[in-house]
Amino acid sequence: MTSSHESSSPVSFPLWPAILAGGLAAGILDGASAFLTFGWRMPYGIASGLLGAKANPAAGAGAGVWALGLACHFLIAFAAATIYCLASRRWRFLKDYFLLGGVICGIAVWLVMNLVVLPLSAVPFPVGPFSVQALRLGLAYLVVLVGLPISTSLWYFARRGVAEGVRSSIQRSD
């Protein structure tokens, strides 16, 4: 028999599997898209956010700068996954409705990257103004390639965690 407190409290589950899977999937998918769009020099562009024009291969930037850019790319993807998963503890609909959550996550990542991170970075190119077509395309890419992988991983691991919690509580009651 369970007390009313046990039956009404939600089953908690660790967030780290969802953060790792969602961040890795978002980093790989968004990175693959960026490599296809910008070529193998894409990580230099990301590193220029920290190093400015010194991140250009023509300025002598080598493999270390390329690796720094790639590491920054994945750091951003894991940060987005971490923030989303932590936010789901407060706003439960992010965990339960992964399609809506993916759209919200993708839009939030676009807004933060284009209105906060890039303008404050050292990138040696102007940021904005954005055309309507570029805005639509950028939002669509981030919803599909970043938001949905992160929200889907949280949804999957939350369902799995709840199922394991129910199984363990059934086994304890036997």
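The values are calculated or read from the model by the stated rules, or taken from the named source; none is laboratory data. If you're wondering where the values come from, they're calculated on a predicted model, not measured in any experiment. Quick reminder, even Gly has a Cβ in these numbers, built from the backbone with ideal geometry, and neighbours come from all protein chains shown.
Brief remarks on what is shown
- Meets criteria (in a loop (DSSP other than H, G, I, E, B), among the β-branched types (Val, Ile, Thr) and over 22 Å from Leu29 (Cα atoms)) for Val123: yes
- Test: residue in the range 63-71 that is farther than 30 Å from Gly161 by Cα and not hydrophobic (A, V, I, L, M, F, W, C): yes
- Here is the figure for the range 121-165: residues that are within 27 Å of Tyr97 (Cα to Cα), surrounded by fewer than 15 Cβ atoms within 10 Å (Cβ to Cβ) and β-branched (Val, Ile, Thr) total 0.
A quick yes/no check of all residues on (1) surrounded by 13 or more Cβ atoms within 10 Å (Cβ to Cβ); (2) at pLDDT 90 or above; (3) touching a Gly at 6+ places or on another chain (Cβ under 9 Å):
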site	(1), (2), (3)
Gly22	yes, yes, no
Ile28	yes, yes, no
Trp40	no, yes, no
Ala55	yes, yes, yes
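- Given (1) surrounded by fewer than 12 Cβ atoms within 10 Å (Cβ to Cβ); (2) at pLDDT 90 or above; (3) closer than 25 Å to Leu51 by Cβ, index of the condition Leu118 fails: (1)
- Verdict on Leu86 being of a type in the set (A, V, I, L, M, F, W, C), loosely packed, with under 13 Cβ neighbours inside 10 Å and under 29 Å from Val143 (Cβ atoms): yes
- Taken as a whole, the structure leaves Tyr84 outside the set of residues that are modelled with pLDDT of 95 or more, farther than 20 Å from Ile28 by Cα and of a type outside the set (A, V, I, L, M).
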